[in-house]
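Visitor: Dumping the structure here so I can ask a few things about it.
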Amino acid sequence: MGCYGRPGRRGLVVYGPKFLTQAESLFLNLPSTLPTHIVIPRSEHSISRSAISPNALKVLYRLREAGYEAFLVGGAVRDLLLGITPKDFDVATNALPEDVRRLFRNCRLIGRRFRLAHVHFGSEIIEVATFRAAAAPEREEGDSEDPDAEASLTEDAEDRAIDTRGRILRDNIYGTIEEDVWRRDFAANALYYNIDDFSIWDFVDGAADVRARRLKLIGEPEDRYREDPVRMLRAVRFAAKLGFTLEPATEEPIRRLAPLLDGVPAARLFDECLKLFLAGFGAQSFRLLERYGLFEHLFPQSAAAFALAPYAYARDMLETGLAHTDARIQADKPVTPTFLFAILLFGAVLRELNEQNAGPSPDVALLMQACDVVLKRQQSRIAIPRRFAVPMRELLMLQPRFNRRSGIKALGLLQHPRFRAAYDFLLLRAEVGIADPELATWWTEIQTLPQEERIARVQARPQDPAEASAPGTRRRRRRRRGGAARS
């Protein structure tokens, strides 16, 4: 196998295929002797080209025809071996990003931390990454970079940057496939499907890990977690998604290193949060996050509330809500981050409301204030976009209005744009015993009635004392024009 290079500040930097200097290996967290690989021929594995995206095959074949190496890599190979349809198909090659862009008119170069090529086929994007020499986080499962940001191709920028904790901030030093293996996280994700002869190249015994349903970090676990603390969340996500177990050495440092998540950009953690909770295995992800002490670094206010007896039911509500969300995803029904963050932060909002001495029937203004305080604090950990934060607040603020069931104005709630999400939240509250089941039944039935029957039902219903004291039921005094009261 030949050497590869890249243009740099000091001319062409060339990397050999087998050996690094001792200084380079220590800096990159690599062994001084790079691994040889096992070739698993087509006859000995279950991956068929018919299961691979036609667009991914187009990219692989064009790269090969242009004289480059081309491999399907990462989670796609793992999932295909497990009989799972991959969500994404990523490609690794010795072609530089600029080379890929020249080959594909529908290609954009993206990324500031890690330069990548995105080849667009309508709504499908095939990501093409050049073999790298450093132990850098994989983009495959959710880097937080803005995908719309064009890559800077200037040569005066530093090629690699690492912070004081050992976290890789930027890495654009290219190498060989033997070196590229060491930038990947888990052995099960480091399998390369070679389009040249349909074999699988295995450098770190990843095929055995897939068969054993085991997650094992490549390299020294503590160093790998320090390079990119999000790997701890990825370990949880893969374990929850695939039913894999963590190898003891991979598992041991997680609880101890969990505080490293506090230094991860909040926008990146938002992306990871969606992948943890909105991919069909959210309930198990939550349990594993709690087990390894990670949840408290993602949602510190909620974790603190769950630890207090008066709010323990909010934790039960979260688990039940996540289980329902998983069921909806598996049934191919729509889900929204708005509802997700409502159930994740509900306990924290209740605690904040209680600390305001709001009482059993809080004023809407106090509820709004509690929501705003919790959301503002949460943004420092997970950057919840406004398009989800504002509807989430509205969903929670509608909950007291369900108490009002008499009078024609009660039916106005049915027309609110957030009614359906708020109604689902009411059902969840009733299921775990923190709302009257009869209240949930009434609102379920009222939706099935014709308009005339709805009106008759609310007009015939006497006003309950609870409804009279519920927020939003008090009549405002009309203010006289001119500001002065008439005698």
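Visitor: With N set to the residue count of region 264-325, report its C-alpha Rg divided by 2.2 N^0.38 Å to two decimal places.
Guide: Rounded to two decimals, the normalised Rg is 1.11.
Visitor: Taking a probe of 1.4 angstrom, what is the accessible area of V432 in Å², to the nearest 10?
Guide: Accessible area of V432: about 40 Å².
Visitor: Hey, another quick one. Could you report region 200-323's accessible area per residue, 1.4 Å probe, as an integer in Å²? Present the calculation step by step, with values, prior to reporting the outcome.
Guide: On the way: 4090 Å² over 124 residues.
Here the residues of region 200-323 average 33 Å² of exposed surface.
Visitor: Would you calculate the volume per residue, in Å³, of the smallest convex hull containing every Cα atom of region 239-351?
Guide: Taking only Cα atoms, region 239-351 has a hull volume of 106 Å³ per residue.
Visitor: Could I ask something else about it? Using +1 on the beta carbon of Lys and Arg, -1 on that of Asp and Glu, and nothing else charged, what's the dipole of region 280-412 about the Cα centre, debye to 20?
Guide: Magnitude of the dipole: close to 360 debye.
Visitor: Moving to a separate point now. State in Å² the accessible area per residue of region 76-131; use a 1.4 Å probe, count heavy atoms of protein chains only, and round to the nearest integer.
Guide: 40 Å²
Visitor: Computing the accessible area with a 1.4 Å probe over protein heavy atoms, can you report the carbon and sulfur percentage for region 289-395?
Guide: Ligands and nucleic acids excluded, carbon and sulfur give 53 percent.
Visitor: May I pose another question? Provide the per-residue ³J(HN,Hα) series for region 338-347, in order, calculated from phi with Karplus coefficients 6.51, -1.76, 1.60 and θ = phi - 60°, each as a whole number of Hz, with x at glycine and proline positions.
Guide: Whole-Hz 3J(HN,Hα) from phi for region 338-347: 4, 5, 4, 6, 5, 6, 6, 9, 4, x.
Visitor: Using Cα centres only, tell me the gap between region 183-245 and region 349-414 in whole Å.
Guide: A separation of 42 Å, based on Cα centres.
Visitor: Return the distance in nm (one decimal) between the two label points of a simple spin-label model at H120 and Y61, each offset 7 Å from Cα along Cα→Cβ.
Guide: Placing both labels 7 Å along Cα→Cβ, they lie 2.4 nm apart.
Visitor: Are any of the pairs K241/K376; K275/K333; K241/K333; K87/K216; K216/K275; K216/K333 more than 25 Å apart by Cα-Cα distance, and if so, which?
Guide: Long pairs (Cα-Cα over 25 Å): K241/K376; K216/K333.
The values are calculated or read from the model by the stated rules, or taken from the named source; none is laboratory data. Note that the coordinates shown come from a computational prediction; the quantities given were computed from them, not determined experimentally. Virtual Cβ from ideal backbone geometry, glycine too; neighbours counted across all protein chains shown. Remember, those area values only see protein heavy atoms, side chains included, never the ligands or the DNA or RNA. Shrake-Rupley method; radii C 1.70, N 1.55, O 1.52, S 1.80 Å.
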